[in-house]
Structure formats: C-alpha cells, structure tokens
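Once you've had a glance at the structure underneath, I'll fire off some questions.
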Number of protein chains: 2
Amino acid sequence: MAVLRMADGPVVTVGHVKPSRPDFQVVGAFNAGVATLEDEVILLLRVAEMPLQPESGAVLVPMLGENDGELRLVRLSADDSNYDFSDSRVIKGYDGSYAYLTSMSHLRVARSRDGVRFVVDEQPAVFPTGEDEAWGIEDPRITQMGDQYYITYSAVSSRGVGVGLAVTRDFAAYERLGMILPPENKDAMFFPERINGKYYMLHRPVPKSIGAPEMWVAESPDLRHWGGHRYLMGLRPGHWDGGRIGGGAVPIKTDGGWLALYHGADADSRYCMGAALLDLADPARVLARSRVPILAPEADYEVNGFFGKVVFSCGAILAGDTIRMYYGAADEVMARADIPLADIWDSF
Amino acid sequence: MAVLRMADGPVVTVGHVKPSRPDFQVVGAFNAGVATLEDEVILLLRVAEMPLQPESGAVLVPMLGENDGELRLVRLSADDSNYDFSDSRVIKGYDGSYAYLTSMSHLRVARSRDGVRFVVDEQPAVFPTGEDEAWGIEDPRITQMGDQYYITYSAVSSRGVGVGLAVTRDFAAYERLGMILPPENKDAMFFPERINGKYYMLHRPVPKSIGAPEMWVAESPDLRHWGGHRYLMGLRPGHWDGGRIGGGAVPIKTDGGWLALYHGADADSRYCMGAALLDLADPARVLARSRVPILAPEADYEVNGFFGKVVFSCGAILAGDTIRMYYGAADEVMARADIPLADIWDSF
C-alpha cells in the first residue's frame with residue numbers, strides 16, 4: 001500500500017478548537033464530513049466537549065434538559081457503584097445499558113485552501129436541539145447535489161441513536177429536515193446522484209434480538225422519506241471487519257462501480273477503513289470488497305487518544321487517481337491520508 | 001370494565017387450520033390483521049408452523065435456504081449444549097442471541113359473516129419469500145384506504161426483524177412493496193387517512209445500545225417511503241406497560257382523537273392491551289393513556305398456550321359505541337372481546 005499520511009500529522013486537533021462555553025473543554029475534533037465549496041475544502045467536524053470537572057470525586061455529564069431543551073450538567077459521584085465509568089466514551093448502568101455519554105458533540109466548520117491547513121470556526125455550525133438530540137449530534141456525512149449540501153448525522157438521546165438530516169447551501173445557514181431513520185441506526189450517507197430515477201442511501205442499523213451491525217441500502221423519491229430497504233453486506237467473523245461495519249465516506253463514482261469506503265471493527269474494537277465496490281446501476285449489489293484494510297491504525301495519533309486504535313472516515317475527495325481520505329483518529333483528531341485508487345483495487 | 005369475551009371462547013384455533021405441507025403441524029393461528037370486505041370480516045391470521053418432529057432427540061427447524069429461497073429443515077440435536085431450547089418460540093445460542101425460531105409463520109385468510117364463526121382458507125395468503133423473510137412473516141396489520149388494503153408485517157430473518165409492506169384489493173392477489181422500515185422494528189400500522197396531507201404510521205423500533213422498545217410516529221407522501229420520525233411514548237416502569245410496548249390495532253378515528261389500541265408487557269412478559277388517545281391533527285401528540293389495561297390475560301386460553309399470559313391485538317372494528325377487538329391469545333389462538341368505548345375512556 002502506498003498510503004501517504006500527511007507529514008505533519010493530524011490536520012485538526014483539539015487545540016485548534018475553541019470550546020462552545022467557558023466551562024467546557026474540547027476532547028475531540030474528529031469524524032468530520034467533507035465537502036468542497038468554491039475553492040475551499042470544508043470539514044464539518046464532530047466536536048466533542050466535556051464539562052470542566054471542578055471537584056475531585058464528582059463527574060459532570062452534559063445533556064439537554066427534557067422539558068426546556070436547555071443545556072445542563074448532571075452531577076454524578078465518581079464512586080457511585082450504580083455506574084461503570086471504565087469506558088472513556090460512555091457511562092454504563094449496572095445492567096450494561098448506556099446511562100450517559102461522557103461528552104456532548106456538536107458540528108463545527110473548518111476551512112482550508114490547500115486541504116491540509118485548516119482554520120476552525122469559533123462558533124458551532126449545528127448544535128444539538130430538541131429531545132431527540134439531547135445527548136448530542138455526531139459523525140456527519142455531507143452529500144453535495146447541485147448547490148445543496150445534505151448532512152446526515154447521528155442524533156443521540158436516551159431514546160436511542162437515529163439519523164438526522166440537515167441541509168445547507170453555504171455552511172452558514174442550516175435547515176433541519178427531521179429524523180430520516182429511527183433508532184438504532186447511524187453511518188448513513190446519500191449517494192451523490194439519482195440512480196434509475198431514485199435517490200439511494202447507505203445505512204447501518206443495530207438490531208437487538210436478531211442480527212448484527214451491518215450495512216443496508218434504502219431508496220427515496222425526495223431524500224426525506226425512505227423505503228425499499230435492502231441488506232447490502234455483513235460481518236466477516238475473524239477478519240478486520242468481523243465485529244461491526246458501517247458506511248464511511250459518501251460513495252464515489254468510478255468506471256468500475258460506486259466506491260464505498262467503509263469502516264470495520266474487529267472483535268477488539270480496532271477500527272480500520274476498507275472499501276466496497278457497488279454496481280453502478282444497482283447499489284445493493286456488491287461487486288468487490290477489501291480483503292485487507294486500506295488504512296489501519298498505526299500512527300501514534302491513531303493508536304493513542306480518547307478512544308485508541310481507531311481510523312474512521314466520514315468523507316473523502318477523489319483527486320485524479322488518488323483518494324484524499326479525511327478521517328477521525330482515535331476519536332480525538334482529524335487526519336488525512338492519500339491513497340492511490342490502484343491500491344484500493346488491489347485490496348479487492 | 002364491561003369487557004365481553006365471546007361465550008364460546010376463541011374464534012379460531014389451530015385445529016381450524018390446515019398445515020401448508022403434510023410434514024408440518026400448525027402450532028399457532030393468532031395475531032391476525034382485521035379488515036371488512038363487502039359483508040365479511042377478514043382475519044389475516046399469522047399461522048405458525050413447526051415441522052413434525054419424527055425422531056426423539058432431534059429438533060427440526062424450518063427456514064428458507066439462503067441461496068435458493070427453498071424451504072428447508074435444519075436438524076439440531078436436542079441435547080446440543082450450544083443451544084438453549086427453553087423458550088418455546090426461539091432457540092438461543094450460548095451467548096443469548098437468537099439462533100433459530102422454532103416455527104415459521106405465514107399469513108392466512110379467515111372469513112366470517114357474523115364476525116364470530118370463521119372459515120379458514122386451506123392455502124396460505126402470503127408466504128415468506130426471499131432472504132429478508134427467511135424465518136417467516138408475522139403479526140400483520142391491515143389499513144384500508146379506498147379499495148386498497150395495505151398490510152404491514154414483520155419480516156424476520158437472520159438479518160433482523162424489519163417491517164414489510166404488501167397490498168391487496170381482494171385478499172386473493174397480493175403485491176409486495178418492499179421493506180419500509182429496517183431492523184429492528186415491528187408493530188407498524190398506517191393511520192387510515194391522510195392528516196394534513198400526509199400519511200402517518202405508528203412503529204416500534206428495538207434499539208440495542210441506547211433506548212427501549214417504545215412507540216414512534218413517522219410520515220410519508222406515498223406509504224412506501226417514510227421519514228419525519230418522532231418519538232411518541234415510552235415505557236412506564238413498574239406498570240403493566242413497563243417492559244415493552246407497541247401499536248396494536250390500526251388507529252380508530254373518534255371525536256376525541258385517534259384511538260390507538262396498543263399492547264404493553266410488564267417485566268414478566270405478561271402482555272395486556274391498553275389504549276392511547278392521539279391528537280387528531282398531530283398524531284405524535286399523546287392526549288391520554290390507559291392507567292390500567294382494557295384487557296388482561298385472564299381466560300384459560302389467554303393464560304395457557306404456546307406462550308402464555310398474552311393478549312395481543314393487531315386489529316379491531318368500531319361498531320356503534322363498542323370496539324370489537326380481535327386478538328391473539330397465548331401466541332396460539334384468535335379471540336374476540338367487545339369493549340364499550342366508555343370503558344376505554346374510563347381507563348384514561
């Protein structure tokens with residue numbers, strides 16, 4: 001593999017991002033959606049924030065209040081035996097259920113002319129709103145159609161994780177278009193053009209009693225309403241994508257098919273990136289799939305961080321015969337790797 | 001409560017239903033969708049069948065083959081310690097996952113002039129087809145709009161449980177319209193008319209990591225594609241509907257609001273029926289909810305059966321000021337109870 005990581009390491013780190021409130025600290029700027037607007041590359045970062053923890057022994061958890069929708073901090077005792085604090089991302093109840101997230105995420109714009117040096121906006125672009133986003137919004141994907149940019153993101157609350165939709169023309173004003181997939185679902189992204197007159201989407205349900213976190217395809221007449229759900233592809237037990245999989249970057253049209261970069265985690269929650277090639281005329285038909293990852297967590301900032309051993313792309317740009325893949329590393333920073341298309345074909 | 005159960009007990013039992021194959025036995029005829037067509041009441045039964053078990057020590061499990069879609073019987077050893085055979089409905093793996101269902105369900109028509117004495121068709125109406133239905137189709141709801149009857153049902157396979165859609169004009173020929181909600185989701189039914197120009201549906205996702213089996217509302221321009229998902233109502237821990245809830249009969253329009261009969265199970269999986277009253281102009285707004293069940297499993301055929309302590313309605317008919325509620329009892333038979341509307345109002 002001739003993967004080229006940027007020589008200077010991550011393109012955005014938490015130090016580049018101003019907290020949205022003085023009593024918050026930024027703990028992650030990662031899993032960004034990617035778009036191009038005029039002569040700029042836009043990263044729509046997932047910015048994860050935690051309250052500054054003022055007292056030893058107390059844990060403050062951020063969320064929107066159920067009744068008034070205002071941001072509030074819930075105070076837990078760090079030695080409360082009703083909770084399991086061992087996961088950096090989530091506080092679990094005694095029964096293994098998710099009781100709280102340790103951080104709350106919003107979306108923030110970063111811009112660059114050269115695709116490497118980014119300037120991060122001082123203010124959030126899209127902040128969680130309403131009860132279905134009370135625990136935050138995460139992992140956006142951006143699909144450009146004409147002059148509209150459609151943003152699919154994870155809407156997280158105690159009710160579950162669903163897929164929300166917003167749209168913008170300028171990355172300044174955003175319109176929300178509601179929840180397009182109910183819980184539990186994430187890793188959803190639109191194909192960039194109509195196929196056979198219909199819009200298509202990849203998504204990743206997480207069923208409880210039967211089934212696994214695997215990838216599905218859906219279709220729509222209008223991008224807001226979805227049906228025709230079909231199973232796309234599943235786990236490969238024992239392999240790099242044997243634990244969970246989900247769509248990554250918005251599919252890229254190539255002569256050989258739709259190139260869908262996707263993430264796969266193994267049983268140890270090590271997240272790699274791979275690719276699937278989907279039929280141009282029927283994106284529910286898998287033509288090829290990476291035997292080996294096209295990117296695995298190897299650099300220090302991929303192996304170590306808020307949640308280590310993770311590379312997780314939500315967007316990429318095709319430039320000539322190279323994929324410029326932007327990706328979250330270790331649930332903490334944004335990085336970029338340039339991968340020749342030929343190497344992706346070789347992975348099939 | 002002036003609930004009136006039919007004096008002669010269930011209106012359909014397994015003895016009324018001919019197996020679809022000579023090597024099958026019918027173990028359930030229950031959870032039927034309900035419609036009226038000309039002067040008949042139609043029950044679209046869920047008919048659950050098990051292979052006749054020819055050898056002691058062996059367990060035969062029915063499913064459609066992954067490659068050819070043909071029905072086949074998987075042979076397990078009853079003393080195989082990899083499996084837990086203790087649940088009559090499902091064979092679980094060592095890790096608690098669903099490995100197989102013990103039975104496979106299809107849909108079958110039963111007809112009646114008086115709404116009490118039913119004649120069951122000899123052949124299936126809708127039989128599982130394709131990989132997403134490889135383990136069966138279950139629990140239909142029927143919504144009539146004009147001369148079309150829309151049937152929403154659970155499509156079950158190793159990939160999960162999603163919501164399938166079919167349509168008929170005559171309960172003779174059926175057209176499938178695809179999966180309208182991906183796993184894990186069931187207990188979906190359409191409202192019988194447009195509201196503010198849009199179609200609405202109740203549905204019940206089962207999220208894995210965050211959230212509970214609770215009721216949501218979605219909207220659609222065309223019945224095939226759905227979006228605008230909104231949370232409707234949740235569990236009430238410690239009450240009759242504290243374990244799981246889901247829509248039951250197709251909502252019935254009343255002066256006071258949409259009357260949505262729904263099922264609730266408590267922590268012991270005792271299933272009762274209750275009601276919610278939803279705003280006529282915004283069905284995501286709950287106006288009232290039964291404090292106590294309107295029907296609880298009390299009759300012998302409700303308490304004892306394939307899976308006991310269950311009353312579970314998928315359809316009801318408003319006749320004057322009385323609800324004729326058809327319901328599956330103990331996952332085995334179909335029964336009917338007549339409930340005065342006044343008693344339902346009293347439950348709020």
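The values are calculated or read from the model by the stated rules, or taken from the named source; none is laboratory data. Not measured: the values here are computed from a predicted model. Neighbour counts are summed over all protein chains in view; Cβ atoms, including those assigned to glycine, are modelled from backbone coordinates with ideal geometry. Remember, those area values only see protein heavy atoms, side chains included, never the ligands or the DNA or RNA. Shrake-Rupley method; radii C 1.70, N 1.55, O 1.52, S 1.80 Å.
Treating the point 7 Å from Cα along Cα-beta-carbon as the label, what are the nm separations from A:Pro22 to the other copies, to one decimal?
So the distances to the same position in the other copies read 8.6 nm.
Would you kindly work out, in nm and rounded to one decimal, the distances from the label point of A:Asp343 to those of the same position in each other copy, ordered shortest first, with label points 7 Å along Cα-to-Cβ?
7.1
Across the residues of B:170-182, average count of Cβ atoms on other protein chains within 10 Å? Before the final figure, lay out the partial values.
Details: counts 0, 0, 0, 0, 0, 0, 0, 2, 6, 7, 6, 7, 16.
So the per-residue partner count for this stretch is 3.
I've got another one for you. Please report the spacing between the Cα centers of region A:177-218 and region B:247-324 in Å, no decimals.
About 31 Å separates the Cα centre of region A:177-218 from the one of region B:247-324.
Now for a different question. Using 0.36 nm times the number of residues separating B:Gln148 and B:Arg113, minus their current alpha carbon distance, what extension gain do you get? Intermediate values should be presented prior to the final figure.
Numbers: separation 35, 0.36 × 35 = 12.60 nm, distance 2.04 nm.
Separation in residues times 0.36 nm, less the Cα-Cα distance, equals 10.6 nm.
Using the basic label-point model (7 angstrom from Cα toward the beta carbon), what is the B:Glu70 to A:Asn67 distance in nanometres?
Inter-label distance under the simple model: 6.4 nm.
Once you average over the residues of A:200-209, how many Cβ atoms of partner chains fall within 10 Å of each Cβ?
Working: counts 0, 0, 0, 1, 1, 11, 8, 13, 13, 13.
Mean partner-chain Cβ count within 10 Å for A:200-209: 6.
What's log10 of I(q)/I(0) for the protein assembly as shown at q = 0.07 Å⁻¹, Debye sum over Cα points only, no solvent?
These q points yield log10 I(q)/I(0) values of -0.49.
Separate question: Could you run the Karplus curve 6.51 cos²θ - 1.76 cosθ + 1.60 with θ = phi - 60° over region B:90-105 and give me ³J(HN,Hα) per residue in whole Hz, x for Gly and Pro?
8, 9, 9, x, 4, 9, x, 6, 7, 8, 8, 8, 6, 10, 10, 10
Among the listed pairs B:Lys208/B:Lys253; A:Lys198/B:Lys198; A:Lys198/B:Lys186; B:Lys18/B:Lys309; A:Lys253/B:Lys198; A:Lys92/A:Lys186, which have their C-alpha atoms separated by more than 30 angstrom in this model? Don't skip to the answer; put the middle values down first.
Values: B:Lys208/B:Lys253 33 Å; A:Lys198/B:Lys198 20 Å; A:Lys198/B:Lys186 26 Å; B:Lys18/B:Lys309 25 Å; A:Lys253/B:Lys198 34 Å; A:Lys92/A:Lys186 20 Å.
The pairs that break the limit, which is 30 Å between Cα atoms, are B:Lys208/B:Lys253; A:Lys253/B:Lys198.
Same structure, new question: Using a 10 Å cut-off on Cβ atoms, rank the peptides A:179-186, A:117-124 from the highest mean neighbour count down. Before the final figure, lay out each step's value.
Working: A:179-186: 27.8, A:117-124: 15.2.
By packing density, highest mean first, the sequence is A:179-186, A:117-124.
Separate question: Ignoring ligands, DNA and RNA, what accessible area per residue does region B:4-346 give at 1.4 Å, in Å²? Mind dumping the intermediate values first?
Values: 12790 Å² over 343 residues.
With the other protein chains kept in place, region B:4-346 gives 37 Å² per residue.
Please report the relative contact order for region B:4-346, taking Cα pairs under 8 Å with a sequence separation of at least 6, and give it as a percent rounded to a whole number. List each step's numbers first, then the result.
Values: 954 pairs, mean separation 50.4, N = 343.
Normalised by residue count, the contact order of region B:4-346 is 15 percent.
Sequence-distant or interchain residues sharing an amide H contact under 5 Å with A:Arg289, placed H: which?
HN-HN under 5 Å from A:Arg289: A:Leu277.
Need one number: buried accessible surface between chains B and A, 1.4 Å probe, both sides summed, DNA, RNA and ligands left out, in Å² to 100.
Working: alone 14570 and 14580 Å², together 26130 Å².
Result for this pair: about 3000 Å² buried.
Report the Cα-based extents of region B:4-346 along its three principal axes, largest first, to the nearest Å.
The Cα atoms of region B:4-346 stretch 58, 46, 38 Å along the principal axes, largest first.
For region A:94-161 and region A:4-53, write down the distance between their C-alpha centroids in whole Å.
What the calculation gives is 11 Å, centre to centre.
Rank-order B:323-330, B:67-74, B:164-171 by packing density, defined as the average count of other C-beta atoms within 10 Å over each peptide's residues, highest first. The partial results should precede the final answer.
Working: B:323-330: 26.1, B:67-74: 12.0, B:164-171: 19.2.
Packing proxy ranking, top to bottom: B:323-330, B:164-171, B:67-74.
Which whole-Hz couplings ³J(HN,Hα) result when phi for each residue of region B:194-210 is put into the Karplus expression 6.51 cos²θ - 1.76 cosθ + 1.60, θ = phi - 60°, listed in order with x for Gly and Pro?
Once θ is set to phi - 60°, the couplings for region B:194-210 become 6, 10, 6, x, 10, 7, 10, 9, 8, 8, 9, x, 10, x, 9, 7, 10 Hz.
Next up: What is the percent of Cα-Cα separations in region A:16-95 that go past 14 Å? Don't skip to the answer; put the middle values down first.
Details: 2282 of 3160 pairs.
That fraction is 72 percent.
On average, how much area does the Cα convex hull of region B:75-224 cover when viewed from any direction, in nm²?
On the way: hull surface 46.9 nm².
Result: a mean projected hull area of 11.7 nm².
I'd like the mean, over residues of A:148-157, of how many other protein chain beta carbons sit within 10 Å of each residue's own Cβ.
On the way: counts 0, 0, 0, 0, 0, 0, 0, 1, 3, 3.
Per residue, the average neighbour count from other chains is 1.
Tell me which residues come under 5 Å, amide H to amide H, from B:Ala58 once H is placed; ignore anything under 5 positions away on its chain.
When sequence neighbours closer than 5 places are left aside, the close amide H contacts are B:Ala78.
Could you check how much of the accessible area of region A:4-346 is carbon and sulfur, as a whole percent, using a 1.4 Å probe? It would help to have the intermediate numbers written out before the result.
Details: 5930 of 12800 Å².
The nonpolar share, carbon plus sulfur, comes to 46 percent.
In deg cm²/dmol and to the nearest 500, what is the mean residue ellipticity at 222 nm of chain B if only DSSP H runs of at least 4 residues count, each as -39500 (n - 2.57), divided by the residue total?
On the way: 2 runs with 11 residues, N = 348.
The per-residue figure over chain B is -500 deg cm²/dmol.
Report ³J(HN,Hα) in whole Hz for each residue of region B:319-332, in order, from the Karplus equation J = 6.51 cos²θ - 1.76 cosθ + 1.60 where θ = phi - 60°; Gly and Pro get x.
Values per residue, Gly and Pro as x: 10, x, 10, 10, 8, 8, 9, 8, 7, x, 10, 6, 6, 9 Hz.
Could I ask something else about it? With labels modelled as points extended 7 Å from the Cα through the Cβ direction, what inter-label distance (nm, one decimal) is found for A:Ser77 paired with B:Lys18?
It works out to 7.0 nm between the two label points.
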